[in-house]
Amino acid sequence: MKNRSQNPKVMRVDKNYIGVGPKFFSVLEFLVREGAAQHAISVQNMAKELPFARTTLHRILYTLEKLRYVEKGEGRGYYRLGLKFFELTEPAIHFRQLLSVAKSVMVDLMIRFSETVNLGVLDGGQVAYIDVIESPSSLRIAATPGVMEHLASVREQGVAFDLEENVEGVICVAAPIFDQRGRVVASLSVSGPASRMESKLTAIQEGIRNAGLKISRMLGPRSVTVPNSEHAKVLPNGNFASSSANRSAQLERS
């Protein structure tokens, strides 16, 4: 009688794993890698490079075309990435672009005003701080990127203020950042102790508004106008400014 313990270990099948899934991604990855400048790729070339049958490739391309993730190119049997693919990947591309273009603007603000500069993005009615450049002063506002705070949206009427409403002794001035479609997608703010901020509040207001508009323009071509100073609103609790001042940051001494 055979001893079962001596039998080779039987490989268990992962019932949760969808075998066809990686094949779909292989096709999309191939089109991203080989379809530079959105050049259409022939099915023949894909079939030579991808490790599955041509009939499977045709079925995958048919399905992806129906879902609008790929589209037919010029000539028979040619495909390229479709509109739905770019709609899906646009937020991630925008996020990286935002971080890249905002950095130099944030550094300029910090050097000019010697106060902490924060960059936050909207996420389900909240703001996540993705970059913070701290003031070089010994008394400063410290914030950790990634902290989630409640906020209401900031519209196009200028900048938002938090004049010690949420944290005593802390003033924050914030401006919205717009994407190519004119939607508010992020905020830029300057925070600091009231003892320093009050004397330069007007200059910070103008500087932060212009900085927000500068970043907006760099994110893509669109018409952005600078609101008049008298149109700048002091918004109620919950706006970008108050969320910056009322975050888990605290006054600290280094």
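The values are calculated or read from the model by the stated rules, or taken from the named source; none is laboratory data. Bear in mind that the values here come from a model prediction, so they are computed numbers and not experimental data. Neighbour counts run over all protein chains shown; Cβ positions are idealised from the backbone, glycine included.
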| said: For the range 84-103, check the following and say yes or no: at least one residue is farther than 30 Å from S216 by Cβ and of a type in the set (G, A, S). | reply: no
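Going by what's in this entry, would K103 be described as modelled with pLDDT of 85 or more, over 30 Å from K214 (Cβ atoms), under 21 Å from the mean Cα position of the chain (by Cα) and part of a helix (DSSP H, G or I)?
Taking the combined requirement at face value, the residue does not satisfy it.
Answer yes or no as to whether E165 is modelled with pLDDT under 75 and surrounded by 17 or more Cβ atoms within 10 Å (Cβ to Cβ).
On the way: modelled with pLDDT under 75: yes; surrounded by 17 or more Cβ atoms within 10 Å (Cβ to Cβ): yes.
Yes, satisfied.
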